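I have placed the structure first, in the form of structure tokens, so that the comments after it can refer back to it.
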Amino acid sequence: MKTINFNKISRPQHKSLRMVNYALCIAMAVTAASCKDNDDLSVVPAATVPSSITFNLPDNLKQLIYIDATGAQVLPMVKGESITLDYTLLPDTATFKDVVWTSTNKDVASVDDKGVVNALSGDGAGYSMVQVSPEGLYSGSGINATLKIAVSNEMVKATAINIVSSADDVYGGDTLHLSTVITPSNSTYKTVKWSCSDKSAATIDMYGVLTAKTTSAAKTPVTITATALDGSGIAATKVINIRQIIQPQDITLAQTYSSDKGYDCAINEKSVTLSYTTLPAECTTSLIQWTSSDENIATVKDGVVTFNQSGNFGAVTITATCPQTGKSSSIKLNIPAGLIRETFHNQNQYSWYNAKQSGNGTSSSHVWHDGYITITTYKANATTERADIKCWDAHTWFHVGNYPIFAIRMNDVKGIDGITSRNINLDAVGTSASGTAYKAIANGNNKYLYDYKCSDGSHVFIYDLSTQACGTGGLMPTNETVDFTTLQIKYADMKTVDHQISYNLYWIQTFKSLSDVQKYIKSEGLTYE
């Protein structure tokens, strides 16, 4: 092998010569590696190829960068601004360290061979990808550092900031990521400056990651501030509680929903949240262990009991245990077959409302209030209004042997605005546990057994399912459930009226007897006739 004297090779000055020289070094390295050791040969040192290149951004630029929908790092700039990008190429022993700077859209932003980026033009939507790459590996190597430059012709300042977080509490040693919504949405800067009022309890970095510290206090509220970076002075604050892990020593469940106290839970209510007290009061409640005696009937997590929606009924015991001491407290719940209770006290969890009908340029709708909903009708035709009430649950279970009385308290539109007639009909499709099909409860319009007019003007329409047969299937059985997949109160043929009207729906429930209905009406502070 011929010995090459590197001292006689001058450093190429032209780009094409540098590329040739780089390729030559790699070729010689491969050749040298293929030679066997020989005392008469001189070994050519191998070329060291760049493995990575990254930007070195100062904090004042880092805090401006955001991630867009494509996953790219975006640096916003204003027309006329200029920045210099620095970089690190590894390893330090790379044979060649020359780099190439490029801009994909030179009308938006330019970059020179020193890494100086100039913002030239843009409306906030225009951008250029600025990239630096090792020169010898420029084509297709994948080794580069890239930054998306978004240019605005002028600064659009923030007018409002809202801080968003997944929780208001965080335990010592844990982290919580906070984010912001900045108004207007086309603000030039999409990020903020973060600060914390008490650095002994928590710190927050430029990306909104809060780190809670371990302190002696059970709970330390800290105020987190997000300030706009555009000089507008716009800021927002949010209080986060820094909590410490304190083992619960004892727990007592409130017996509000206990079957021992005579309370029954309705499967259509989906869940109940149990109240409880602990010792100490400011303990880490997430350490409490919750169990259900029958998860086919109900499950429990963090004190929230969720009822199955598969038609499994019966008694279940929920227990909360303190792991360190073993002390516990329990509550017995009963979810009986056939109990339906819709009273509109949970805005996020009710299943009876308007059937979402429309006609003649109008549509039905409803508005929730605590304890009732207001339903607006739609035009069935020029002189008739309609607004049915539908159960939107996939299943509604009746058990006539347990709860034969089906009752609805609502306003009767008859007499409102000159309306002289209307029809109420229970449209239903169901199947008993033994397979019998049932349709059309009570089989016809206005077949309710009783109409109680209450002292507030509302009406309670009552059906007795033990004596009123369905149009298909006849009387429902008293010894098994009937699963209705369609259940709708048709409230139709409201005549004569030429405009939309509204009425209130207060509750829909099943009862064991007519006297239970009467007691319930009186418990609401009403009289009836």
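The values are calculated or read from the model by the stated rules, or taken from the named source; none is laboratory data. Bear in mind that the values here come from a model prediction, so they are computed numbers and not experimental data. A quick note on method: Cβ atoms are made from the backbone with ideal geometry, for glycine too, and the neighbour counts reach across all protein chains shown.
Identify the residue in region 236-249 that is of a type in the set (A, V, I, L, M, F, W, C), surrounded by 16 or more Cβ atoms within 10 Å (Cβ to Cβ) and closer than 19 Å to T284 by Cα and, among all such residues, is modelled with the lowest pLDDT.
I246
Of the residues A32, A23, A69, A94, only one is surrounded by 12 or more Cβ atoms within 10 Å (Cβ to Cβ), small (G, A, S), at pLDDT below 95 and part of a loop (DSSP other than H, G, I, E, B); which?
The match here is A94.
Among the residues of region 44-66, write down those that are surrounded by 12 or more Cβ atoms within 10 Å (Cβ to Cβ) and charged (D, E, K, R).
K62 - this is the single residue of region 44-66 that is surrounded by 12 or more Cβ atoms within 10 Å (Cβ to Cβ) and charged (D, E, K, R).
Out of Y452, Y448, Y463, which single residue is in the same structural domain as K512 (by TED's automatic domain parsing), within 22 Å of S523 (Cβ to Cβ) and in a loop (DSSP other than H, G, I, E, B)?
Values: Y452 fails: in a loop (DSSP other than H, G, I, E, B); Y463 fails: in a loop (DSSP other than H, G, I, E, B).
Only one candidate passes the filter, namely Y448.
For region 97-130, name all the residues that are in a loop (DSSP other than H, G, I, E, B), surrounded by fewer than 18 Cβ atoms within 10 Å (Cβ to Cβ) and either free of Cβ contacts under 8 Å to residues at least 60 places away in the same chain or under 40 Å from the mean Cα position of the chain (by Cα) (or both). Don't jump to the end; show me each part of the working.
Filtering region 97-130 down to residues in a loop (DSSP other than H, G, I, E, B) leaves 97-98, 104-108, 112-115, 120-122.
Remaining after also requiring surrounded by fewer than 18 Cβ atoms within 10 Å (Cβ to Cβ): 97-98, 104-107, 112-115, 121.
Correct list: K97, T104, N105, K106, D107, D112, D113, K114, G115, S121.
Go through region 356-377 and give me each residue that's within 18 Å of N268 (Cα to Cα) and either of a type in the set (D, E, K, R) or not in a strand (DSSP E or B) (or both).
Passing the criteria: D370, G371.
Can you confirm whether A218 is over 30 Å from Y520 (Cβ atoms), at pLDDT below 95 and surrounded by fewer than 19 Cβ atoms within 10 Å (Cβ to Cβ)?
Details: over 30 Å from Y520 (Cβ atoms): yes; at pLDDT below 95: yes; surrounded by fewer than 19 Cβ atoms within 10 Å (Cβ to Cβ): yes.
When the stated conditions are applied, A218 passes them.
Criterion first (surrounded by fewer than 19 Cβ atoms within 10 Å (Cβ to Cβ), assigned to a loop (DSSP other than H, G, I, E, B) and assigned by TED's automatic domain parsing to the domain that holds S165) does G233 satisfy it? Please lay out each step first, then the result.
Values: surrounded by fewer than 19 Cβ atoms within 10 Å (Cβ to Cβ): yes; assigned to a loop (DSSP other than H, G, I, E, B): yes; assigned by TED's automatic domain parsing to the domain that holds S165: yes.
Yes.
Could we say that A337 is closer than 22 Å to N479 by Cα, in a strand (DSSP E or B) and modelled with pLDDT of 95 or more here?
no
If I filter region 258-280 down to residues being in contact with a Lys or Arg (Cβ under 9 Å, 6 or more places away or on another chain) and in a loop (DSSP other than H, G, I, E, B), which single residue comes out as farthest from Y353 (Cα to Cα)?
S258
How many of the residues making up region 264-297 are touching a Ser or Thr at 6+ places or on another chain (Cβ under 8 Å) and among the β-branched types (V, I, T)?
Going through region 264-297 one residue at a time, the tally reaches 5.
For region 161-223, which fully contained strands (runs of 3 or more DSSP E) count at least 2 residues that are of a type in the set (S, T, Y) and at negative phi?
Result: 175-183.
Test K62 against the criterion of being of a type in the set (K, R) and at pLDDT 90 or above, and give yes or no.
Yes; evaluated as a whole, the condition is true for this residue.
So G415 passes all but one of these: (1) crowded, with 17+ Cβ neighbours inside 10 Å; (2) modelled with pLDDT under 95; (3) not aromatic (F, W, Y). Which condition number does it fail?
Condition not satisfied by G415: (1).
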